[in-house]
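Notes follow once the structure below has been shown.
Just so it is clear, none of the values below were taken in a lab; they were calculated from the coordinates. Only a predicted model underlies this, so the values are computations on that prediction, with no experimental measurement involved. Cβ sites come from the backbone with ideal geometry, for glycine too, and all protein chains shown count toward neighbours.
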Amino acid sequence: MTLFHGLRPWVYPAPIQGWYSAWHKRSAAVLFAVLLLVPWIRIAGQPVFLADLGNRRLNVLGTIFLASDGVLLLLGGLFAVFSLFMFTSLFGRLWCGYMCPQSVFMLNLVYPIERWIEGTRGKQMQRDKGPWTWDKAWRKAAKWAVFIAIAVIVSMSFMGFFIPAPTLWTGQASATSYGVVAFFTAIWSTDFIWYREQTCNYICPYARFQGALTDDESLVIAYDVERGEPRGREAKARGGCIDCNKCVVVCPQGIDIRDGYQLECIACGKCIDACTSVMDRLGHDTLVRYTTEAEEHGATHQWLRPRTLVYGALLSVLTAAFAYVLWNHNPLELNVDRAPGSLYVVDDDGYVRNTFMLNVATRHLEEETRVYLVTVDGLPEDSQVRVRPIQLEASSRTTVPLIVRVPKDAVDGALALTVSVKGQEDSVSEETVFKAPRHGG
């Protein structure tokens, strides 16, 4: 907890090239593409992904999901949670090292920009230890200005998943939307400028509970103590650790992997690239590698074990349930509600009248207006239905009144009805109850 005691050691990670660093660049390219491009992609005139919280609507790949599709969101959320559990049990913290936005931004934007403006690791350390000068001041100010600009772009792009990007970037969104952008800009600016690796150590909940999700078969980064120790120049001939400290200076978390597994390790593989670059020149294999606790003790790695089998079974059930619900997903939504404050009315002509409110929504993305007719099944003879045809534009919702009149003698207390809304291509039905006085009551 050095940060809270004012003794936090500042981390100055040195750059390193290698196989794992190359994969960092690839994962960063994917994340940046998703963040910057996806909000602008449209299908049938609609965003490819948009969580419209105000209208309680979710656009995904040309399909619209409404609030009534909560079961799909629940299944999707459970799938994501158990996928994370299974991924962690198999591969440890690879998410942290390669796919987490925090790590991607720090390793591929923040640290490179810092080195570009302030110089190498040694120059940064020397300048920070010295007094404030004009050279130090303008470099810090320029670096912070760039970080704030990046935070604005990241926050605006993130909000593009909730507010249509053209509306947001042209200044036509609400004041609340830009207030949220300002909030996230402040968060990311603080993270880029100051908090950095402490976010992983003290704030991120995944870093806290991931220890409960891993076991001896989960992938971790480990140092080969048996071959590496004792350290020193004399270890060069036998392929031991020559104590160059390169694995330490490249670590974005500021830890020494030779001290054993540590909670701060995000499994980014930078130390592996560093050790590989040194040991290759000495003609030996790297001393730092991805492995498991079981393999460290001479056992064979087991991919299939009770934990992963349970997670796999749960994911299979969730996938099947999600596919079933999605297959039966209706492009129309219908809710039949009784008019507020109205149970039934007995008209002068001897008919009992019920008034319903039909709330109808369509998930179609096509621009043409569609016309739907309303029918009511289960009515006795001489009953009357009064409702106008429903016209719906693309991905819209409307409410229309439905009046049903039944002869008083034809119903005793209650009558089950089926209300249907039918178009040329699709239809939807819902059960409701017609209320009337009981005979002799």
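Before moving on, here are some points about what is shown:
- Rg(Cα)/(2.2 N^0.38 Å) for segment 1-112, N = residue count: 1.43
- Residues of type lysines that K435 reaches as a straight line, Cα spacing below 30 Å, ignoring anything fewer than 8 places off in the same chain: K408, K422
- For R42, distant residues with modelled amide H under 5 Å away: V48
- For segment 262-382, the Kirkwood hydrodynamic radius from C-alpha pairs, put into Stokes-Einstein at 37 °C and a viscosity of 0.692 mPa s, yields a diffusion coefficient of 142 µm² per second.
- Environment charge at A235 (Cβ cut-off 15 Å; Lys +1, Arg +1, Asp -1, Glu -1): +2
- Mean residue ellipticity (222 nm) of the chain, computed from DSSP H runs ≥ 4 via -39,500 (n - 2.57), nearest 500: -11500 deg cm²/dmol
- Cα-based Rg of segment 389-441 normalised by 2.2 N^0.38 Å, two decimals: 1.53
- The Cβ shell under 10 Å around S420 holds other residues with a net charge of -1, Lys and Arg each +1, Asp and Glu each -1.
- With pairing defined as another cysteine C-beta under 4.7 Å, the cysteines of the chain that fail it are C96, C100, C200, C204, C241, C244, C251, C265, C268, C275.
- Residues of type lysines that K140 reaches as a straight line, Cα spacing below 19 Å, ignoring anything fewer than 8 places off in the same chain: K123, K129
- Rg followed by Dmax, in Å, when segment 332-435 is reduced to its Cα trace: 14.6, 47
- Across segment 1-329, counting alpha-carbon atoms alone, Rg and Dmax equal 22.9, 70 Å.
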